[in-house]
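First comes the structure, then the notes that go with it.
The values are calculated or read from the model by the stated rules, or taken from the named source; none is laboratory data. This one's a predicted model, so the numbers in the text were calculated from it and none came from an experiment. Cβ sites come from the backbone with ideal geometry, for glycine too, and all protein chains shown count toward neighbours. Remember, those area values only see protein heavy atoms, side chains included, never the ligands or the DNA or RNA. Shrake-Rupley method; radii C 1.70, N 1.55, O 1.52, S 1.80 Å.
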Amino acid sequence: MVAELVQVAVAVIVDDRGRVLLTRRAADAHQGGLWEFPGGKLEPGEDVSDALCRECREELGIEIEGHRPLIALDHHYDDLSVRLHVQWVSAYAGTPSGLEGQPLAWVEPGALDDYPLPAADRPIVNAIRLPERYLITPPEVYEDGPAFIRALQSALDSGVRLVQFRVPGLEGAARQALATEALARVHDNAGQLLVNADIDLARRIGADGVHLTAAQLHRLDARPGGFAWVAGSCHDRADLQRAAALGLDFVVVSPVLRTTSHPDATPLGWAGLQGLLERANLPAFALGGVDASHLPQAWRAGAQGIAAIRGLWGART
């Protein structure tokens, strides 16, 4: 039998320098001595928002003024099963302090691995490090390399920092040359680039990661090594379960809305997406007929943000 889940509200609090707040658990507590994101158990009849505000008030002395969902996940320890409702705190009043005697630390996202965290918190680190938009390059523009790079730069100028290089039909040296140039441009703008499906190409050019197709998820026996990011495309619960089993860092789930490129595909809708993500335990981007205007719906459904081709390609804000 599956143990009853202890419901926990978790706060990801970021200061004006982009640092994340961690607190250290008391030595005699569950997972004692480890660092964690602030929060605590929901009381009977309490919702996530009320619990988040109460815990931050009691533990840190701050008043939460704005927050949104970041990720929800389940974790089963030997002695405890938890469901974490992780919220991104967008505004608060006051200065956090350890009102219960707990040490505090403001940590750069890239340095979170230096702090021992409970196993349940590991997916939260990926969610913090990932942006809210994931650009997938369109398939029909690679024939004009300079135009491809100009449009890519326009997307980067709009704030896109995570890019999937996907150019079906372009092969050999031309594919590698364009991928290499795209990677350099993305890195020049402090972004990260994943190569779609081609693990060997991703390794040859030193890409930040590889994005696996749904078919690859079910063929591979292990996560491809040597990458900062390994992502995958998912369409149903079986895909999501396989992605989690392989230890992927994040996924895209599609199609959320109806698209002109796949008019016969049945869209999940926002409710369907939310149902899939309730037990995904991975950061997930909503893909299919979406653009940046759909970010609020994506967050409410439990997604990291949106992934898009035309909705982000060459976009300016």
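Below is a table of values for the structure above.
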| read-out | value |
| --- | --- |
| Geometric extent, Cα atoms of region 200-301 - Rg, Dmax (angstrom) | 14.1, 40 |
| Dipole in debye (nearest 20) - region 11-55, about Cα centre, beta carbon charges: Lys, Arg +1; Asp, Glu -1 | 280 |
| Solvent-accessible surface (1.4 angstrom probe) belonging to residue 166, in square angstrom, nearest 10 | 80 |
| Dipole magnitude (debye, nearest 20) for the chain, charges at Cβ of Lys, Arg, Asp, Glu | 820 |
| With every protein chain in place, region 146-279: carbon and sulfur % of accessible area (1.4 Å) | 50 |
| Listed residues 128, 70, 193: farthest to the positive end of the dipole of the chain (Cβ charges) | 193 |
| Value of Rg/Rh across region 202-251 [Cα atoms, Kirkwood radius] | 0.96 |
| Per-residue [θ]222 nm for the chain (sum of -39500 (n - 2.57) over DSSP H runs n ≥ 4, rounded to 500) | -8000 deg cm²/dmol |
| Solvent exposure of region 248-317 as accessible area per residue, Å², 1.4 Å probe | 43 |
| Top of 173, 72, 207 by mean-square fluctuation, Gaussian network on the chain, Cα under 10 Å | 173 |
| Selection from 285, 177, 51 lying farthest towards where the dipole of the chain points positive, charges on Cβ | 177 |
| Kirkwood-based shape ratio for region 139-230, expressed as Rg/Rh from alpha carbons | 0.96 |
| Rounded D (µm²/s) - region 31-90, Kirkwood Rh over Cα pairs, Stokes-Einstein at 20 °C, 1.002 mPa s | 170 |
| Leading residue at positive end of dipole, the chain (Cβ point charges), from 91, 256, 6 | 256 |
| Debye intensity ratio in log₁₀ form over the Cα atoms of the chain, taken at each q of 0.12, 0.15, 0.16 Å⁻¹ | -0.84, -1.25, -1.38 |
| Contour minus Cα-Cα distance for residue 197 and residue 223 (0.36 nm per residue) | 8.1 nm |
| Stretch gain in nm, segment residue 4-residue 63, where the contour uses 0.36 nm per residue and the Cα spacing is subtracted | 18.2 nm |
| DSSP-defined antiparallel bridges as percent of all bridges, the chain, nearest 5 | 40 |
| Ranked packing of 233-244, 283-294, most packed first, by mean Cβ within 10 Å | 283-294, 233-244 |
